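In what follows, a structure is listed as structure tokens, so that the remarks can point back to it.
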């Protein structure tokens, strides 16, 4: 059974446009592109992987506020069903950013 972080990382990979099938991720959009196990996705512990996701969310019209382990995401303009903000406090900054990204993507998928 997949663990929670693997499932959340697969959610992020799909948001980034990758195909995820049976625990494998196509690294590019082409179906014959190289694959890797979804267990090797590292959004939950690698800033180099996670920050492009933050930037993609910002391009959709949202802002991130990252202060120590307190992370806030809010729309830069009116987004009907978006909560006023999502805020998370964790012991680790990367855990907090990862969790707020997952919450945002879940909201985004329900809204679209």
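In the set (i) -0.60, -1.21, -1.32, -1.36; (ii) -0.83, -1.17, -1.21, -1.23; (iii) -0.50, -1.09, -1.25, -1.32, the label that goes with log10 I(q)/I(0) by the Debye sum over Cα atoms at q = 0.13, 0.20, 0.22, 0.23 Å⁻¹ computed for this structure is (iii).
Given R₀ = 22 Å, what would the calculated FRET efficiency be for residue 93 paired with residue 48, taking r from the Cβ atoms and rounding to 0.05? Don't skip to the end; give the middle numbers.
Values: r = 15 Å, r/R0 = 0.66.
Once the sixth-power term is evaluated, E becomes 0.90.
Look at 28, 43 and count the other Cβ atoms within 10 Å of each Cβ; fewest to most, that gives 28, 43.
Sum -39500 (n - 2.57) across every DSSP H segment of at least 4 residues in the chain, then divide by the residue count to get the 222 nm mean residue ellipticity, nearest 500. If you can, show how the numbers build up before the last one.
Details: 3 runs with 44 residues, N = 112.
After summing the helix terms and dividing by residue count, I get -13000 deg cm²/dmol.
Relative contact order for the chain: 19 percent, from Cα pairs under 8 Å spaced at least 6 residues apart, divided by residue count. Under the simplified labelling scheme, the residue 4-residue 58 pair shows an inter-label distance of 2.8 nm, with each label point 7 Å from Cα along Cα→Cβ.
Taking neighbour Cβ counts within 10 Å as the exposure measure, how do 53, 20, 101, 89 sort from fewest upward?
Values: 53 20, 20 17, 101 26, 89 12.
Going from least to most buried by this count: 89, 20, 53, 101.
Axis of helix 93-111 versus longest Cα principal axis of the chain: the two differ by about 90°, to the nearest ten degrees.
Can you sort 6, 32 so the residue with the fewest Cβ neighbours within 10 Å comes first? Walk me through the numbers before you get to the answer.
On the way: 6 17, 32 7.
In order of increasing Cβ crowding within 10 Å: 32, 6.
Read the figures in this text as sums done on the coordinates, not as results from a lab. Source: prediction; values computed, not measured. No Cβ is skipped: glycine too gets one built from the backbone with ideal geometry, and neighbour counts run over all protein chains shown.
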